[in-house]
Amino acid sequence: MELDDRQWSQIGDETVEHLARLIRFDTTNPPGNETPAALYLKQVFEREGFEEMQLLESAPRRGNLIVRLRGDGSKRPLLLSAHLDVVPAEPEHWTYPPFSGAVAEGMVWGRGTLDMKHMAAMSLMVLLLAKRQGLPLKRDLIFAAVADEEMAFDYGSRWLVENHPDLLRAEYALSELGGMLSPMAGRRVYPIQVAEKGVCWLRMRAHGQAGHGAVPHEDNAVVHLARALARIGDGRRMPIHVTPVAATYIRTLAATLPRAQGLLLRGLLSHRLAPLVLRRLPREQRGDLRALLCNTVTPTRLQAGVKTNVIPCEAEAELDCRLLPGQMPEDAMREILAIAGPAVELGPLKVSPGVEFDSHTELFELLKRTLVAHDPAALPVPYMVAAATDARQWARLGMTVYGFTPGQPPEGHQVMRLIHGHDERIPVSSLHFGVRVLYDVVREFCC
């Protein structure tokens, strides 16, 4: 049975209500405490008559919920995935309390509205609708609401893959960071994640001569480190590497632009021209495009000294480095040291390889068609994200994973600046759009 606009409005409102309730569970990681949120979802499924559910705790209060809606088994399952943990918030900087789930000014406010309890709410509604509508599923439809994505996956997707793989095995999975409108150069671009960069956290260390703070000297470890970090800056001097995903994204977008704009954008494919082109692009576009073309590096932590009047002999910084597909930690460290200079040394703290998935599949084509059906001006493109997601864990089970949490934020709603930032929020209208798109994808792909 086809649903009409009035029914879809009610479904959208129901999605908003579930999201607001999920936000009210403080699942800040650390410590996580995802079990109450997972239990809420389980209780909703139980009220709707679902039977195949497992609430699995990898540690006390680190809950993971797996729900399955059976198909006839003629095709392999589809997994919908969302993580329930969130990063810390600073309440004093928020317009509405970060765990209030306030619905105000046409938005749902709170930590996790974009990263990524909105996908949990939309996936919940898609499974409920599939059951309510009695869809003749050819694939099992699996929903995984997991813990610990924001730290190291150890209590969530990694633990599930290593301890309960048979509950999750699927041909494809849809997870975070993709399918949301992101205007670029006047086009309505919908990036769909097909790759994510590797993680390479580094320690930078500088050495010097200890001494009394009252007697400055030139061999100060803190100063050596500061100068090295200043040379790195925002990472704009890191070399350009054009990967296949980046080339496809740039060429697809450039082909739709007026000749002059298209030529400018294609300049990003040239190692020589790319730095010049990046400087000419609007500031809000530079960071994302640079991350698509470079190994990125960001200083995030500093440590030196034990007392104000003692010059330390050692100073350290921690760097968040993200690796392009095909790049190794040694490659990035070599690039960073060429910029930072010889006064510092580098060593790895944590390394996790990135992943890349084939975009020439029936599901990827369906994602594109469905977006265009709901937004005729849409330009869906394969994309690589700089962040690490549960996709790299699902890939260990042989799944093809796409980042697809569809949404349609208004002009000026800087999604990537709000994720992990203050006043994280999602437009109510975007949730209404997203749940409808996601349901249409699941209905066509699984039936």
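The values are calculated or read from the model by the stated rules, or taken from the named source; none is laboratory data. None of the values given here were measured: they were computed from a predicted structure. As a convention, Cβ positions derive from the backbone with ideal geometry for all residues, glycine included, and neighbour counts pool all protein chains shown.
Values for this structure:
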| item | result |
| --- | --- |
| Members of the range 299-350 that are under 16 Å from W201 (Cα atoms) and among the polar types (S, T, N, Q) | T300, Q303, Q327 |
| Within the range 203-239, tally of residues that are in contact with a helix residue (DSSP H, G or I) (Cβ under 7 Å, 6 or more places away or on another chain) and not in a loop (DSSP other than H, G, I, E, B) | 6 |
| Residue among A59, A102, A82, A130 that is closer than 15 Å to R425 by Cβ and among the aliphatic types (A, V, I, L, M) | A102 |
| Residue selected from the range 272-301 under the condition in a strand (DSSP E or B) and free of Cβ contacts under 8 Å to residues at least 60 places away in the same chain, by the criterion farthest from H212 (Cα to Cα) | T300 |
| Condition check for L268: in contact with a Lys or Arg (Cβ under 8 Å, 6 or more places away or on another chain) and crowded, with 17+ Cβ neighbours inside 10 Å | no |
| Count of residues meeting criterion [in a loop (DSSP other than H, G, I, E, B) and not aromatic (F, W, Y)] in the range 48-104 | 29 |
| Wholly within the range 339-409, strands (runs of 3 or more DSSP E) carrying at least 1 residues that are modelled with pLDDT of 95 or more and under 24 Å from L229 (Cα atoms) | 344-352 |
| Candidate set: the range 172-202, residues that are of a type in the set (S, T, N, Q) and part of a strand (DSSP E or B); chosen: the one surrounded by the most Cβ atoms within 10 Å (Cβ to Cβ) | S175 |
| Residue within the range 216-225 that is in contact with a Lys or Arg (Cβ under 6 Å, 6 or more places away or on another chain) and either outside the structural domain of P329 (by TED's automatic domain parsing) or modelled with pLDDT of 95 or more (or both) present | no |
| Qualifying residues in the range 410-444 (those that are of a type in the set (D, E, K, R), touching a Leu at 6+ places or on another chain (Cβ under 8 Å) and surrounded by 16 or more Cβ atoms within 10 Å (Cβ to Cβ)) - the one nearest to D13 (Cα to Cα) | R425 |
| Per-region count, the range 165-208, residues among the basic types (K, R) and under 23 Å from G398 (Cβ atoms) | 2 |
| Residue within the range 137-154 that is more than 30 Å from P353 (Cβ to Cβ), part of a helix (DSSP H, G or I) and in contact (Cβ under 8 Å) with a residue 24 or more places away in the chain present | no |
| Verdict on E46 being within 20 Å of the chain's Cα centre (by Cα), over 19 Å from G421 (Cα atoms) and assigned by TED's automatic domain parsing to the domain that holds L135 | no |
